[in-house]
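A short reminder: the numbers here are calculations on the coordinates, not readings from a lab. Bear in mind the structure is a predicted one, so any value in this text is a computation, not a measurement. Using ideal geometry, Cβ is built from the backbone for each residue, glycine included, and neighbour counts are taken over all protein chains shown.
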Amino acid sequence: MIQHVVLFRFRADADPARLVQTAQALRDMQGRIPEVRAVSFGPNLGPSARDWSHVLVVSCDDMDAVHRYIDHPVHRETVERYITPIRDARLAVDVET
């Protein structure tokens, strides 16, 4: 199992309601993208929250599945519609569990 972990810093002027919509859109990828086994998204609860306010974790079977998820039209649309307009920065890593 691969955990695709993405840390986000959103723009200071990002509307809180927009963050709620973004969270739902990200969670909705599960079931719409076959490679996605699980999705978690929420505020960073750790001491690095000042740098990276939110965390997305997407579980996939292997790295090939991660690449298919990243290229999937639902993922691309979700990023373009919900993340890009409010994103200040992102950091993504993949780890095998």
Worksheet entry | Close pairs (7 angstrom Cβ cut-off, 6 or more residues apart or separate chains): farther than 18 Å from Ser53 by Cβ in segment 29-43, among the small types (Gly, Ala, Ser) and loosely packed, with under 15 Cβ neighbours inside 10 Å anywhere | Gln30/Ala38
Practice prompt. For segment 1-17, name all the residues that are surrounded by 15 or more Cβ atoms within 10 Å (Cβ to Cβ), over 9 Å from the mean Cα position of the chain (by Cα) and not aromatic (Phe, Trp, Tyr).
Written response: Ile2, Gln3, Arg9, Ala14
Worksheet entry | Selection status of Tyr82, crowded, with 17+ Cβ neighbours inside 10 Å and farther than 22 Å from Ile2 by Cα | yes
Worksheet entry | Subset of segment 39-57 [farther than 13 Å from Arg27 by Cβ and in contact with a helix residue (DSSP H, G or I) (Cβ under 8 Å, 6 or more places away or on another chain)] | Pro43
Worksheet item: Using beta carbons and a limit of 8 Å, which pairs, at least six apart or on different chains, have the first residue in segment 58-87 and free of Cβ contacts under 8 Å to residues at least 40 places away in the same chain and farther than 13 Å from Gln30 by Cα and the second one surrounded by 16 or more Cβ atoms within 10 Å (Cβ to Cβ) and basic (Lys, Arg)?
Response: none
Worksheet entry | Selection from segment 53-95 of residues that are in contact with a Phe, Trp or Tyr (Cβ under 7 Å, 6 or more places away or on another chain) and of a type in the set (S, T, N, Q) | Ser53
Practice prompt. Within segment 22-33, work out how many residues are in a helix (DSSP H, G or I) and loosely packed, with under 13 Cβ neighbours inside 10 Å.
Written response: 1
